[in-house]
Amino acid sequence: MEIMGKISEIPEIIQTFAKRSKNVFPPIVKNCVYQLLVNKITWVLVALLLLPCILGMIIYYQTDDQRQFQESNGEKIYVDSEGRPTHEDNRETFLDISDAFVISFVAIIMAIIFSSELINEEFENKTMQLLRTTPIHPFEILLYRYVSGVICMFGILGLNAILFYYTTMMPSGTHGIIENLDVLLMVLQVLFFESLAFIAIFCVFTAYLEKPYLVGILYWIIWESFVSGQNYQKLTITHYLNSILFDSTKAMGWDVAASDYNLINSKEEIIATEPLTAMIVILTVAVVALIIGSRGLANRQF
Amino acid sequence: MKIKLEQVTKNYGNVQGISNISLDVDKGITGILGPNGAGKSTTMKMILGLSRPSRGIVTVDGKDPFYDWQLKKNFGFVPEYDCFYENMSGLEFVMYFLRMHDFGKEEAEKIAREALSELGLDEAMERKINTYSRGMRQKTKVARATVFDPEVLVMDEPFQGADPTTRMLLMNKMTEWAKKGKTILISSHILHDVQSLTDNIALINNGKMLAHGNRHEIRNLINVPRPISIVPVKNGNLRKLAKRLLDEKWTKATAINEETNELTVETTQTEDIYLEIPKILQKEKITVKKIYSEDDSLDSLYAKLVEGRQWK
């Protein structure tokens, strides 16, 4: 009966949240985005992300004179010494580095740091105590911080992906850049869903724990890195991100196998998830994580 | 709004924060007094719903403040410690929390400016908080807590770091808010500040409630004779009056000081003593300027209750 009573209150609570979101949401997001952008660690990560871009630029200017091209319908198509279009290699370089360096490494570190900065810092500065004496629900406290985290994380990673795509595809000329925009869109899509999932998961850790860094890193190494290559990989976010990548590359006509994305079990069976299902699972995980996290915040004492 | 604590205990692991505290707080100013680490802040945190009792019940207006988040629209909280978004200006900071109370941007700015102005921060309100002095920070905290006109105001050591002018300003404000029917709970280890604001006090030490109520009544609960001074009494009348007062059954002893023309009566009598002495003086045709008891001050009261343990 008590649970039923609480469930019946949900529409009213949602209505209250929606009604006052115009007053509560903008200042929280503005403040959180500011906090994230003035954080020194954010800029260390940005510098790290820029390394492949800088490397791409250096290679481009060093090899600029040696490039060969063929003309087709008035368009310059740059080719290698064997006459194959260079953009095919370049797009693979872009995808491989994005997957191995950005999606699997920097993005997760960024999610750990951002979620910690958004919630744990509020506890350390004791401003969370002030917030908890205002009439906003812990779910709102967490939700608006989460949205700020996603905006910042996806904003930084997305801008970096565009820049990295441009620097990687530059040697292939305008034709190469335009021809492979679907690869860029695919990476942006994965980064978006990755931001949605990991910020939410790490927000749960920060809502419950005083020192969430270590648990976050352990989760990344043990769960997302180790389990994601095993039979129970459907319990990891990495599986669903890889499924989106796998399906998209296949749809673009690339010659890829499920094993390239570790989407096979010990019996060598393909266990990839449909991309739409993968997206729904990620969204569900994010919503559930926010609900669990808000319980953690609500029960945390000062 | 009524605040009620019923046999509340709060443990932090094996450490006991407060033990079996019962307290009723109604409209007006109530002072929670006790040395550092006595349990004042823990008590306040439980009233604000920042902490949950290990045992016992805390209610504000009959509701549990830990779970009822909407109840918090009535709470104004001035914490003891600094907790600011240092990158914000005082105005932005106060506005930020007004927005959390569902105020629109323009309205929030208008009333935040008024509140900060009233507390003397006209010129500083647009400066970053990280450039503020301690007094300015204290005023900003008070402005943030009071700007939305809360029904319950919880102030943890509000005078800490405040200069005399700020202190006076805050005291006047508190008296004003109390007159408006607000429930104000103020903790302090500066007894004089609380004494000049309210007679209604709760004394806490080592997590235990030593006494609660009117400070004069609390004093009467302590069965130790207290000295009452009568000054100035003309030299010729000193002995006469001392002898006369010794005839009263409530007088335990008298002492005279011919240099200061002061007569001291030791008594265990209740407040009525302040009515009895004037009657005797009138009968004996003796004029004096003042009848007072220094021993009635919170300092001596506390010293008696904790047997000389120091405040800090």
>> Show me the helices (runs of 4 or more DSSP H) entirely contained within region A:114-227 in which 2 or more residues are more than 14 Å from every other protein chain (Cβ to nearest Cβ).
In response: A:138-169, A:173-179, A:181-208, A:212-218
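Out of the residues in region B:70-91 that are farther than 18 Å from A:LYS126 by Cα and within 12 Å of chain A (Cβ to nearest Cβ), which is surrounded by the fewest Cβ atoms within 10 Å (Cβ to Cβ)? Can you show your working first?
Going through region B:70-91, the residues farther than 18 Å from A:LYS126 by Cα turn out to be B:70-71, B:73-74, B:91.
Checking which are within 12 Å of chain A (Cβ to nearest Cβ) leaves us with B:70-71, B:73-74.
Working: B:GLN70: 12, B:LEU71: 22, B:LYS73: 16, B:ASN74: 19.
Ranking the qualifying residues of region B:70-91, first place goes to B:GLN70.
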> Does at least one position in region B:105-118 carry a residue that is under 28 Å from B:LEU23 (Cβ atoms), touching a helix residue (DSSP H, G or I) at 6+ places or on another chain (Cβ under 8 Å), within 10 Å of chain A (Cβ to nearest Cβ) and part of a helix (DSSP H, G or I)?
Replying inline: no
>> Condition (residue is away from chain B (no Cβ under 14 Å) and either farther than 30 Å from A:LEU142 by Cβ or of a type outside the set (D, E, K, R) (or both)) applied to region A:29-39: is it met by at least one residue?
In response: no
> Of all the residues that make up region B:45-66, how many are touching a Ser or Thr at 6+ places or on another chain (Cβ under 8 Å) and either surrounded by fewer than 23 Cβ atoms within 10 Å (Cβ to Cβ) or in a loop (DSSP other than H, G, I, E, B) (or both)?
Replying inline: 10
> Within region B:219-244, how many residues turn out to be over 16 Å from B:LYS290 (Cβ atoms) and in a helix (DSSP H, G or I)?
Replying inline: 10
>> Can you tell me which residue is nearest to the other protein chains (Cβ to nearest Cβ) among those in region B:47-63 that are more than 24 Å from the chain's Cα centre (by Cα) and either of a type in the set (Phe, Trp, Tyr) or more than 21 Å from B:SER187 (Cβ to Cβ) (or both)?
In response: B:LYS63
> Given (1) more than 14 Å from chain A (Cβ to nearest Cβ); (2) within 18 Å of the chain's Cα centre (by Cα); (3) not in a helix (DSSP H, G or I), where does B:LEU153 come up short, assuming only one miss?
Replying inline: (1)
>> Please go through region A:163-189 and give me each residue that is buried (at least 24 other Cβ atoms within 10 Å of the Cβ) and over 11 Å from A:PHE94 (Cα atoms), ordered by number.
In response: A:SER172
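Identify, from the list B:VAL94, B:VAL25, the residue that is more than 10 Å from chain A (Cβ to nearest Cβ) and modelled with pLDDT of 95 or more. Spell out the reasoning first.
Values: B:VAL25 fails: modelled with pLDDT of 95 or more.
None of the others qualify; the one that does is B:VAL94.
State yes or no: is B:ARG99 within 10 Å of chain A (Cβ to nearest Cβ), of a type in the set (Lys, Arg), out of contact with any Gly (no Cβ under 9 Å at 6 or more places or on another chain) and more than 20 Å from B:LEU185 (Cβ to Cβ)?
Criteria met by B:ARG99.
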>> For region B:180-194, give me the residue count where each residue is within 14 Å of B:GLU157 (Cα to Cα) and either outside the structural domain of B:THR43 (by TED's automatic domain parsing) or touching a Lys or Arg at 6+ places or on another chain (Cβ under 8 Å) (or both).
In response: 3
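Only one residue in A:ALA272, A:ALA278, A:ALA289, A:ALA258 is buried (at least 16 other Cβ atoms within 10 Å of the Cβ) and over 25 Å from A:GLU92 (Cα atoms). Which one?
Numbers: A:ALA272 fails: over 25 Å from A:GLU92 (Cα atoms); A:ALA278 fails: over 25 Å from A:GLU92 (Cα atoms); A:ALA258 fails: over 25 Å from A:GLU92 (Cα atoms).
Selected residue: A:ALA289, the only one of A:ALA272, A:ALA278, A:ALA289, A:ALA258 that is buried (at least 16 other Cβ atoms within 10 Å of the Cβ) and over 25 Å from A:GLU92 (Cα atoms).
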> Does A:PHE101 meet the test of being in a helix (DSSP H, G or I), under 31 Å from the mean Cα position of the chain (by Cα), within 14 Å of chain B (Cβ to nearest Cβ) and in contact (Cβ under 8 Å) with a residue 12 or more places away in the chain?
Replying inline: no
> Of all residues in region A:132-161 being free of Cβ contacts under 8 Å to residues at least 24 places away in the same chain and surrounded by fewer than 19 Cβ atoms within 10 Å (Cβ to Cβ), which is farthest from the chain's Cα centre (by Cα)?
Replying inline: A:LEU159
>> Among the residues of region A:94-113, are any within 27 Å of B:PHE84 (Cβ to Cβ) and surrounded by fewer than 18 Cβ atoms within 10 Å (Cβ to Cβ)?
In response: no
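The values are calculated or read from the model by the stated rules, or taken from the named source; none is laboratory data. None of these values were measured; they are calculated from a predicted model. In this analysis, Cβ positions are derived from the backbone assuming ideal geometry, glycine residues included, and neighbour counts consider all displayed protein chains.
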